[in-house]
Amino acid sequence: MTDGAGRLYSFVVAVLPIITGADTPVLRTPTALVPKVTKDVLHLIRNMEETCVHADGLGLAAPQVGQSLRVCIAKINDRLTPLINPRITWRSPAMDDAEEGCLSLPGVYVHVRRPQSIVVEYTDVKGRAQERRLADLDARVVQHEVDHLDGVLIVDYVGVDRSRKTEDARTSGV
Ligand SMILES: [Zn+2]
């Protein structure tokens with residue numbers, strides 16, 4: 001992995017333990033912004049990628065591995081993409097319903113209503129500002145991960161607007 005200055009880093013990569021539990025403080029605490037993409041941040045991201053692949057997940061947020069930092073990874077276009085300091089700057093009025101699971105809440109599935117499309121701004125691993133418009137599953141996974149960075153879990157959506165007929169869709173392991 002290279003940083004914005006073109007420095008090449010190689011890390012000892014580890015699968016990290018995934019923190020679970022709807023009441024676990026690190027999962028409920030809004031994360032701190034990353035001031036700079038340091039070697040430590042890149043190492044964390046590399047380990048999160050390994051952990052996500054190992055868990056067969058669609059994404060993973062830093063609090064899920066015990067780090068209260070505004071960093072997550074999300075499968076976008078089938079590719080795990082690191083998002084540093086992500087911020088959703090636009091949400092479509094059109095909504096979608098789907099059932100979601102969470103690596104931090106094993107066995108729990110919740111119907112979650114979310115905007116169908118979003119625009120997300122973030123910093124990439126080279127420290128460059130990025131902006132992407134996402135739809136459908138890509139948008140859902142990123143919203144799920146950004147929720148984690150704000151201390152929000154899928155169980156918080158239980159009982160919220162169940163009036164709409166839900167699709168038979170399921171998003172597991174994020
Ligand atoms: Zn999750």
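Rule-based calculations on the coordinates, nothing more; no lab input. All values derive from a computational prediction rather than experimental measurement. No Cβ is skipped: glycine too gets one built from the backbone with ideal geometry, and neighbour counts run over all protein chains shown.
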Problem - Fraction of antiparallel bridges per DSSP, the chain only, in percent to nearest 5 - result: 90 percent
Problem - Qualifying trypsin sites (Lys or Arg not before Pro) in the stretch 1-38, DSSP loop, other Cβ atoms within 10 Å at most 13 - result: ARG7, LYS36
Exercise for the section: Arrange ILE19, ILE73, ILE118 by Cβ neighbour counts within 10 Å, fewest through most, would you? Expected result: ILE19, ILE118, ILE73
Completion exercise
dims of the chain, Cα set, principal axes, largest to smallest, nearest Å -> 52, 31, 26
Handout entry: Estimated 222 nm signal from helices in the chain, with DSSP H stretches of n ≥ 4 weighted -39500 (n - 2.57), rounded to 500
Key = -6000 deg cm²/dmol
Practice task
Arrange the following residues from fewest to most other Cβ atoms within 10 Å of their Cβ: VAL141, VAL110.
Solution key: VAL110, VAL141
Completion exercise
So the angle from the long Cα axis of helix 136-149 to the longest Cα principal axis of the chain, reported in degrees to the nearest 10, equals 70 degrees
Handout entry: Inter-probe distance in nm under a simple model that places probes 7 Å from Cα toward Cβ, at ARG113 and HIS43
Key = 4.5 nm
Practice task
Give the residues of the stretch 63-78 whose amide nitrogen is closer than 20 Å to a point set 7 Å from the Cα of ALA94 in the direction of its Cβ.
Solution key: 76-78
Exercise for the section: Compute the FRET efficiency between ALA5 and ASP156 as 1/(1 + (r/R0)^6), taking r as their Cβ-Cβ distance and R0 = 45 Å, and round to the nearest 0.05. Expected result: 0.65
Completion exercise
With Cα coordinates, the longest principal axis of the chain makes an angle with the long axis of helix 39-54, in degrees rounded to 10, of 50 degrees
